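First the structure, in the form of structure tokens, and then the observations on it.
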Amino acid sequence: MDAGKGFEDFMERREALEAEIGEVRNTEEECPGVWYVCTGGDGERNGTEFYVVDRDADAIPNEAKAYGGEIPDCPGYLLYPMDAQRQTRKIIQYEIMRYRMRESASDADRETLRETALDGMEERPEYFGTFPPPTLTPYGHTARYKVLMNGVFWIQTDAPATALAVAYPIWGVFPKSME
């Protein structure tokens, strides 16, 4: 896909996009066919952020495109709000990072990509996969486990001991008294 042509087409449809999400204050092309868009707010929305993806963008796989919403009067473009409700931002952030890493990979890029995927496991396990159970614990190696929820396991070790194992990113699910 020609990135320049895609951006021109995107900007020509800006009015239709603004009718859907509000006045666009900032637009940045993240990679070919993917734009970060921030609205300035219209009283109801204040500085809301989105990703807009061209349906033909090679940088974003079809599996990720399935999470986007159609934009009325902007055929060929998908909208990904960066709100906590839909939780689609990590998918697009991850795919942008993957694209950039393919173009010029560094160890820092790999670590950031890994961290984004781990965060994504909590928000979108159907896309990123679920948290794996621990293999080694303070009580020995995990022999058996039962998944209580994504990232929470009741484990039995080779010691033998039983314990509740919790993946580090989901600590926010539990009351402070349990931490």
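Quick look at the values:
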| read-out | value |
| --- | --- |
| Contour excess over end-to-end distance, with Cα ends at residue 109 and residue 150 and 0.36 nm allotted per residue | 12.1 nm |
| FRET efficiency, 1/(1 + (r/R0)^6) with R0 30 Å, evaluated for residue 62 and residue 117 via beta carbons | 0.95 |
| Accessible area (Å², 1.4 Å probe, nearest 10) - residue 166 | 40 Å² |
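The values are calculated or read from the model by the stated rules, or taken from the named source; none is laboratory data. From a predicted model like this one, the values you see are computed outputs, not experimental measurements. No Cβ is skipped: glycine too gets one built from the backbone with ideal geometry, and neighbour counts run over all protein chains shown. These area figures cover heavy atoms from the full protein model, side chains too; ligands, DNA and RNA do not enter into them. Shrake-Rupley method; radii C 1.70, N 1.55, O 1.52, S 1.80 Å.
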